[in-house]
Structures are given as C-alpha cells and as structure tokens.
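The values are calculated or read from the model by the stated rules, or taken from the named source; none is laboratory data. Predicted model only: the values in this text are computed from it and were never measured. Methodologically, a virtual Cβ is constructed for each residue, glycine included, from the backbone with ideal geometry; neighbour enumeration extends over all protein chains shown. Ligands, DNA and RNA are stripped out before the accessible areas are found, and what is left, the full protein with its side chains, is counted by its heavy atoms. Shrake-Rupley method; radii C 1.70, N 1.55, O 1.52, S 1.80 Å.
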Amino acid sequence: MNWYYANEGQQLGPITQLEFDRLVSGGTIQPHTLVWHDGLASWREYGRLTAGLEGAFCSFCGREYAPDDMIKYGDAFVCAQCKPIFAQRLKEGLPLPGQVEYGGFWIRFGAKFIDGLILWVVQMVFYFPFMFFMASNEPSETGSIVALIMLYGIQFLFAFAYPTFFIGRYQATLGKMACGLKVVMDDGGRVTYLRAFARSAAEILSALILYIGYFMAGFDEEKRTLHDRICSTRVVRK
Ligand SMILES: [Zn+2]
C-alpha cells in the first residue's frame with residue numbers, strides 16, 4: 001500500500017508502508033497530519049484514521065467522507081455537496097435514498113401476471129364480436145383481412161394505452177397496484193404520460209431479447225429492467 005501525507009502544505013509520497021511507519025515513529029507524521037492512501041475517499045488526520053474513525057458514505061453520491069464533514073439524517077449521511085439536493089427533496093416530500101424499497105423480480109412478475117390476465121380478458125372482449133361478425137356475415141377475403149387487421153390493431157393499441165394511462169395517472173397498472181408497487185422517476189418524481197408511453201415501447205425491446213430485459217431486474221441493485229434503464233424509471237414498493 002502506498003501512502004501520501006501532507007507536510008507544511010505540501011503533498012508528499014507515494015511512500016511504502018515501511019517508510020510510512022518510520023516517519024510515524026520518527027515524529028514526522030503526527031496525529032493531526034493529513035494522510036491518504038488508495039481506497040480512501042478523502043484525506044484524513046492520521047490520528048483519526050488509526051483511532052478507527054473511518055469515513056462514512058454519503059447516501060446520495062456514495063462517496064466516502066469523514067463523518068464530521070457530513071450531516072446526519074436518521075441513519076443516513078449527506079455530504080456537503082449533496083446537502084442542497086437533500087434539502088430540496090426533503091422540501092418536496094420526495095423519497096430520500098435509503099427510504100426507497102425497490103420492487104424485486106418476483107413481485108414484479110406477479111404484477112405482470114395480473115396485468116396479463118386483465119389484458120387477456122379485454123382482448124377477449126374484442127375477440128368475440130369479431131368472431132360473431134365473421135360467422136354471421138361471412139365477409140369476403142378482403143373483408144376478413146380488414147377485420148383481422150382492425151382486431152389486432154385495437155388489441156395492440158390497448159396494450160399500449162393500458163400501461164400509459166394507468167402509470168401516467170396512478171403511477172401503477174392495476175397489477176402493480178395489487179402488488180403494492182408503483183413506477184417512479186429515478187429521482188422519485190412522477191412519471192408523465194409520455195414517459196409511461198415510452199416505457200411501454202421500450203418494454204417491447206426487453207421482451208424481444210428473449211425477455212432478458214425483464215430478468216435484468218433480478219441482478220440489478222435498483223431492480224431495474226432494461227426498459228427502466230432506458231426510461232430512467234424505477235419500480236418501488238409503496
Ligand atoms: Zn454526496
């Protein structure tokens with residue numbers, strides 16, 4: 001491990017552990033001397049470092065700072081740079097880091113299953129009049145094709161309209177509501193209708209690559225699917 005230390009305003013090093021120890025015993029490095037080694041986010045006073053007063057991590061930017069340089073909110077630390085965002089979020093009532101619980105793969109799978117059932121029922125509602133029309137009118141070949149295109153068109157549109165409307169208005173589809181989930185922006189804010197629509201479009205991509213886009217949620221720290229990554233959204237528990 002290479003050490004660096006400050007002496008009379010100068011940054012010195014790198015020096016080896018052996019050289020460092022020699023400087024400590026020789027009195028060049030005092031408890032108040034600022035030191036740094038690889039892996040430390042900031043310079044520390046040598047005395048504090050050896051006393052085990054290690055740094056803590058800012059819950060916003062994830063950088064490590066000495067606890068003295070941060071403010072504490074509950075169990076979370078916030079560094080000086082992130083303090084304004086923190087204050088802003090607190091004011092707006094947005095969730096703070098550490099307070100957010102992401103919806104994992106299986107609960108989301110459950111929500112998707114319920115939405116799938118709902119979509120299926122609705123598609124049947126369109127399907128039966130179509131079958132009735134075909135059976136009673138015996139339309140020409142062209143007529144049948146037009147009717148079929150209309151049927152698929154309506155079903156396709158509904159598959160988009162459903163999540164766009166529910167997520168845009170209620171932040172969750174019926175399946176997600178039932179599972180206590182909601183879709184939010186990466187900063188915890190509301191998802192607009194346009195974003196909800198884009199997210200449904202991006203979901204096609206997640207499905208196209210053998211549903212790998214969905215499985216990604218199981219391996220992500222923030223449980224993001226591919227469409228969450230594309231649209232900067234998160235699925236959280238209410
Ligand atoms: Zn920070």
Sort out which residues of the stretch 135-160 are part of a helix (DSSP H, G or I), more than 19 Å from VAL122 (Cα to Cα) and touching a helix residue (DSSP H, G or I) at 6+ places or on another chain (Cβ under 8 Å), and write them in order of number. ASN137, GLY143, SER144
Looking at the stretch 127-148, is at least one residue closer than 30 Å to TYR4 by Cβ and more than 16 Å from the ligand (Cβ to nearest atom)? no
From the set of residues in the stretch 85-108 that are open to solvent by 40 Å² or more (accessible area, probe 1.4 Å) and of a type in the set (Gly, Ala, Ser), which is modelled with the lowest pLDDT? GLY98
Matching residues in the stretch 9-44 - criterion: being exposed (fewer than 12 other Cβ atoms within 10 Å of the Cβ), on the phi > 0 side of the Ramachandran plot and at pLDDT 85 or above: GLY27
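Can you pull out the residues in the stretch 60-91 that are in contact (Cβ under 8 Å) with a residue 24 or more places away in the chain and away from the ligand (no atom under 12 Å from the Cβ)? Steps first, answer last, please.
If we filter the stretch 60-91 for residues that are in contact (Cβ under 8 Å) with a residue 24 or more places away in the chain, which is where we start, we get 60, 64-66, 69, 74, 82, 85-86, 89.
Result: ALA66, GLY74, ARG89.
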Odd one out for GLY47 among (1) open to solvent by less than 30 Å² (accessible area, probe 1.4 Å); (2) more than 16 Å from the ligand (Cβ to nearest atom); (3) in contact with a helix residue (DSSP H, G or I) (Cβ under 7 Å, 6 or more places away or on another chain): (3)
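In the list ARG195, ARG224, which residue meets the criterion of being open to solvent by 30 Å² or more (accessible area, probe 1.4 Å) and touching a Lys or Arg at 6+ places or on another chain (Cβ under 7 Å)?
On the way: ARG195 fails: touching a Lys or Arg at 6+ places or on another chain (Cβ under 7 Å).
Within the list ARG195, ARG224, the selection yields ARG224.
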Residue count, the stretch 203-238 (criterion: more than 16 Å from the chain's Cα centre (by Cα) and of a type in the set (A, V, I, L, M, F, W, C)): 7
Residues in the stretch 109-116: is at least one more than 16 Å from the ligand (Cβ to nearest atom), open to solvent by 40 Å² or more (accessible area, probe 1.4 Å), in a helix (DSSP H, G or I) and not aromatic (Phe, Trp, Tyr)? yes
Restricting to the stretch 170-181, count the residues that are open to solvent by 60 Å² or more (accessible area, probe 1.4 Å) and under 21 Å from LEU94 (Cα atoms). 2
